[in-house]
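The values are calculated or read from the model by the stated rules, or taken from the named source; none is laboratory data. The shown structure was predicted, so the numbers you read here are calculated from the model rather than taken from an experiment. Methodologically, a virtual Cβ is constructed for each residue, glycine included, from the backbone with ideal geometry; neighbour enumeration extends over all protein chains shown.
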Amino acid sequence: MIELINLTKRYGRVLAVDHLNLKVEKGELFGFIGPNGAGKTTTLRMMAGILGATEGSISIAGIDIAKYPERAKGMIGFIPDRPFLYEKLTGMEFLRFIGDLYGVTEEDSHARAEELLQRFSLYNWEDHLIESYSHGMKQRLIIASALLHDPEIIIVDEPMVGLDPAGIRMVKNIFRDLANNGVVIFMSTHTLAIAEDLCDRIGIIHKGRMIALGATGDLKGTACLIDGDLEEVFLRLTEKGEGAL
Amino acid sequence: MKEIITLLIPRYLSFKNGSLSLNGKNRRLRLLLFATLILLFWAGVFIVFRRILIYFSGIDEFGNILAHKLLSMVITTFFALLTFSGIVASLSKLYLSRDLGLVHSLPVRSGGIFMARWIESTIDSSWMTLFFSIPVFLSYGMVYKAGPFYYLTAALMMVSLCLTASAVSVFLVLISAFILPAGKIRSLFVFLGLIFVVALIVAFRLMRPERLVNPESFTSLLLYLKEMGTAGSPFVPATWAFDSLSSALADLKTEAFFHLSLCWSFTGALYFIVNWTAKLFYFSGYTNAQTASAWPLTHTMGVSVGSRQFSGMVGRPAKGLAAKEVRTFFRDQTQWSQLFLIAALIVIYLYNFSVLPVDQAKVGTVYLQNIFSFLNMGLAAFVLTAIAARFVYPAVSCEGNAFWIIRAAPVTLKKFLWVKFFLYYVPLLFLTELLVVSSNILLQVKPFMMVLSIVTIFFMTPGIIAMGIGLGAAYPDFNSENPSQAVTSFGGFLFMLVSAGFIALVIILEAGPVYQFFMAEIQGRRLSNLQTAWSIVSFVIVSLICTLAVILPMRFGERQL
């Protein structure tokens, strides 16, 4: 469903992502973790078509995002780490706007927007300008907008930032349900407990390179640990972690 | 004092490091172009003033009065500009800046924060006026052969004028922010815009500047001289500033010193009044400003254009982008004050044409009317450029941090830019045609000139809009707190420069054929074959340039974005 082949990104002399190779299958909930500045957000932004790659390619359901960006982006729902939105639109107007951009029909767009606003507890705020929303409400609105066009792939950067415990549980359940229905969730997070709890496979990126990949059990093997949780695995691998897969 | 300096350090470091973030070659190139443009403008101001003053000094009797009247008008204009930009800058610095949350969380006195912000807004709102006042005062000094005392007085007077204007603006902002209900601080922009426009129109109408160039409209020379020599109000700081400078110009040291003392004592008094007002009102006003208005919108503003017919015509994404654009534009109250300014500009523009003394000219009225009409095309296009610099050029930057939504959506940047193009093209074409047609009606021009003006503007407008969108996309600033100020950036300058070049080129290319046509008509003969061929070639080149002016900037913007 998602395939990264030799994906590389340079910012001047800085190598942010270094020949990354990865395949994520349909219905998989993939966790992408790494220290600050490891290249997670850059990778996600390239996958969402926001950034161009310096080298390598990204295939979204068999479509090369560099060659057919609109077709590929139409299959993706992207949730960034910071909720920057059009502050002068209302919640409902924003969702209808996203519906227009993604070609959702008028009827479907309205019905789906209402359903999502209710699901994310924003229905009573649908006619308020986004500028009056709290951080958590904006984050929920972004997640709702990413689901509006029923994407086959969801790329999400730090989904739980700003959400209250009920919100976190709700989002976790939604992601699990979506994955069970065949949607790919590609999630970057620093909350290792969530990654461990939720993800089928986890990739650890360090200095732009993938240093470990697999289920939590596999990662323990890579880190030569018998006991311990993902946090210990992560710390062990990123402390020594120069070698790439 | 130390805390104020500490609070100002981030601004200094951001300025220093901001230029470091560009790569070396680009930075040098930009700086060079920027400096050249500014110096050219500076030199232009100096040359124009010097010429005017030399001309005035050649007029017996009232040449001196004219020069002093001009100086008085210049200082009053500087004071008005300083006050208005002071209000905008202090409103933003004291109540709307993004870093205020962080600054107010620090263990620093509210008074210290206020003072640091006041210093920043004074510098921001004054440096440009200060810089461009130098060639004006320099030209006076050179023409009147003034000594060092004049230059010292000019420097002290301008600094005092800047500080006074800034203190007056901050005082008004402090009181307004305290009085306005929570979440309504941005409405102040609308209110101020309205006040400014009304004041501008009223002042312009009362001044009737056209009378000053036409002494015959006064019943006697005495009345005319009286009108010219009328002193300003003794209660306005600009009058004291003018009095100090004109005394220094005449080398009347005691008078100059007296008026300068008036300026500085008022500045000093204001400093204490503003500080005392800030102690009382600043923090509660700031708290008010942090509360966003939480009323639901009961109506959809503008684009229920979202009808099926519209989306069927342009496609869903284009319709969505258009609806979003119109809604965000009209809900942003900071834009409204700009709209008021445009309204004022149009009123003054048309008023100027209505009072042009074409019938009193010694050359043929028809000839003059049509010359004015021809030049009017260029003038209207320059007005369009000024409006485009304020609205069209920042259109891409206005997406701000939410631009990721467009990048992540299955919409091409080409479509995104073209939607922006058409949204601005339609109203601005209407506006520019309205200007040209109304002024031509006022001038009572021939049908040929009317058609030529309408057609030329029709073809030039897309080029100017495309340059605004294209260069705005090539040099976007998504992090700016006020994208409409992007016009003062490198890209903004480039846009105005390229647009002015484009207008000049079109006007020059059309001037030859139009002149031939008129001469032929006045002399009652037909155009020769050579003249006809020349006209055709000129108009073909104009159409080609207009087409390229649309295609090239849009492509450039798309590629750079």
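The set of residues in segment B:508-536 being in contact with a Leu (Cβ under 9 Å, 6 or more places away or on another chain) and either at pLDDT 90 or above or among the polar types (S, T, N, Q) (or both) consists of B:Gln516, B:Ser535.
Checking each residue in segment B:521-531 for being assigned to a helix (DSSP H, G or I) and loosely packed, with under 15 Cβ neighbours inside 10 Å picks out B:Ile522, B:Asn529, B:Leu530.
Under the condition of being part of a loop (DSSP other than H, G, I, E, B) and of a type in the set (Asp, Glu), the residues counted in segment A:141-189 number 4. Name every residue in segment A:90-107 that is facing chain B (nearest Cβ under 7 Å), buried (at least 23 other Cβ atoms within 10 Å of the Cβ) and touching a helix residue (DSSP H, G or I) at 6+ places or on another chain (Cβ under 6 Å), in order of residue number. Scanning segment A:90-107 gives A:Phe97, A:Asp100, A:Leu101.
When A:Lys138 is tested against (1) within 14 Å of another protein chain (Cβ to nearest Cβ); (2) assigned to a loop (DSSP other than H, G, I, E, B); (3) crowded, with 18+ Cβ neighbours inside 10 Å, only condition (2) is not met. Within segment A:49-70, the presence of a residue that is polar (S, T, N, Q), crowded, with 18+ Cβ neighbours inside 10 Å and either in a loop (DSSP other than H, G, I, E, B) or on the phi < 0 side of the Ramachandran plot (or both) is excluded.
Given the structure, is A:Pro35 in contact (Cβ under 8 Å) with a residue 60 or more places away in the chain, part of a loop (DSSP other than H, G, I, E, B) and more than 11 Å from chain B (Cβ to nearest Cβ)? Here the answer is yes, as A:Pro35 does meet what is asked. Take the conditions (1) under 27 Å from A:Ala215 (Cβ atoms); (2) surrounded by 18 or more Cβ atoms within 10 Å (Cβ to Cβ); (3) touching a helix residue (DSSP H, G or I) at 6+ places or on another chain (Cβ under 8 Å); A:Leu22 misses just one of them, which is (3). Has segment A:47-67 got at least one residue that is within 20 Å of the chain's Cα centre (by Cα), closer than 22 Å to A:Val171 by Cα, within 11 Å of another protein chain (Cβ to nearest Cβ) and touching a residue at least 24 places away in the same chain (Cβ under 8 Å)? Yes, that holds for at least one residue.
So that you can scan it fast, the table gives a plain yes or no per residue for (1) under 20 Å from B:Ala269 (Cα atoms); (2) at pLDDT below 90:
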{"site": "B:Thr77", "(1), (2)": "no, yes"}
{"site": "B:Ser121", "(1), (2)": "yes, no"}
{"site": "B:Tyr150", "(1), (2)": "no, no"}
{"site": "B:Val159", "(1), (2)": "yes, no"}
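Out of everything in segment A:124-135 that is within 16 Å of A:Phe84 (Cα to Cα) and either of a type outside the set (Asp, Glu) or under 18 Å from the mean Cα position of the chain (by Cα) (or both), what residue ends up being nearest to the other protein chains (Cβ to nearest Cβ)? If we take residues in segment A:124-135 being within 16 Å of A:Phe84 (Cα to Cα) and either of a type outside the set (Asp, Glu) or under 18 Å from the mean Cα position of the chain (by Cα) (or both), then A:Ser132 is nearest to the other protein chains (Cβ to nearest Cβ). Consider A:Lys88 carefully, then state whether it is part of a loop (DSSP other than H, G, I, E, B), over 16 Å from the mean Cα position of the chain (by Cα) and not aliphatic (A, V, I, L, M). It is true that A:Lys88 is part of a loop (DSSP other than H, G, I, E, B), over 16 Å from the mean Cα position of the chain (by Cα) and not aliphatic (A, V, I, L, M). For segment A:106-135, enumerate the residues that are assigned to a helix (DSSP H, G or I) and of a type in the set (D, E, K, R). Those that are assigned to a helix (DSSP H, G or I) and of a type in the set (D, E, K, R): A:Glu106, A:Glu107, A:Asp108, A:Arg112, A:Glu114, A:Glu115, A:Arg119, A:Glu131. Checked against (1) at pLDDT below 80; (2) assigned to a loop (DSSP other than H, G, I, E, B), A:Gly217 meets all criteria but (2).
Filtering segment A:148-173 to residues that are surrounded by fewer than 21 Cβ atoms within 10 Å (Cβ to Cβ), in contact (Cβ under 8 Å) with a residue 40 or more places away in the chain and under 26 Å from A:Gly39 (Cα atoms) leaves A:Pro151, A:Glu152, A:Glu158, A:Val161, A:Gly162. Of everything in segment B:300-343 that is among the small types (Gly, Ala, Ser) and modelled with pLDDT under 75, the residue that is nearest to B:Val392 (Cα to Cα) is B:Ser337.
I'm trying to understand the selection: among the residues of segment B:502-558, which are charged (D, E, K, R) and either within 17 Å of B:Val451 (Cβ to Cβ) or in contact (Cβ under 8 Å) with a residue 40 or more places away in the chain (or both)? Residues satisfying the conditions are B:Glu510, B:Glu521, B:Arg555, B:Glu558.
Determine whether segment B:57-77 contains at least one residue that is surrounded by fewer than 21 Cβ atoms within 10 Å (Cβ to Cβ), under 30 Å from B:Ser247 (Cβ atoms) and acidic (Asp, Glu). Within segment B:57-77, one or more residues are surrounded by fewer than 21 Cβ atoms within 10 Å (Cβ to Cβ), under 30 Å from B:Ser247 (Cβ atoms) and acidic (Asp, Glu). The condition of being at pLDDT 90 or above, under 24 Å from A:Val161 (Cα atoms) and within 11 Å of chain B (Cβ to nearest Cβ) holds for only one of A:Phe78, A:Phe84, that being A:Phe78. Residues in segment B:485-520 that are assigned to a helix (DSSP H, G or I), under 16 Å from the mean Cα position of the chain (by Cα) and of a type in the set (Ser, Thr, Tyr): B:Thr488, B:Ser499. Across segment B:403-414, the qualifying residues are those that are more than 19 Å from A:Thr43 (Cα to Cα) and within 9 Å of another protein chain (Cβ to nearest Cβ), and the one among them that is surrounded by the most Cβ atoms within 10 Å (Cβ to Cβ) is B:Val411. The listed residues are B:Leu106, B:Leu81, B:Leu32, and the only one of them that is of a type outside the set (Ser, Thr, Tyr) and either under 30 Å from B:Trp336 (Cβ atoms) or touching a His at 6+ places or on another chain (Cβ under 8 Å) (or both) turns out to be B:Leu81. Residue under question is B:Ser439, and the condition is that it be in a helix (DSSP H, G or I) and of a type in the set (Ser, Thr, Tyr); does it hold? It is true that B:Ser439 is in a helix (DSSP H, G or I) and of a type in the set (Ser, Thr, Tyr).
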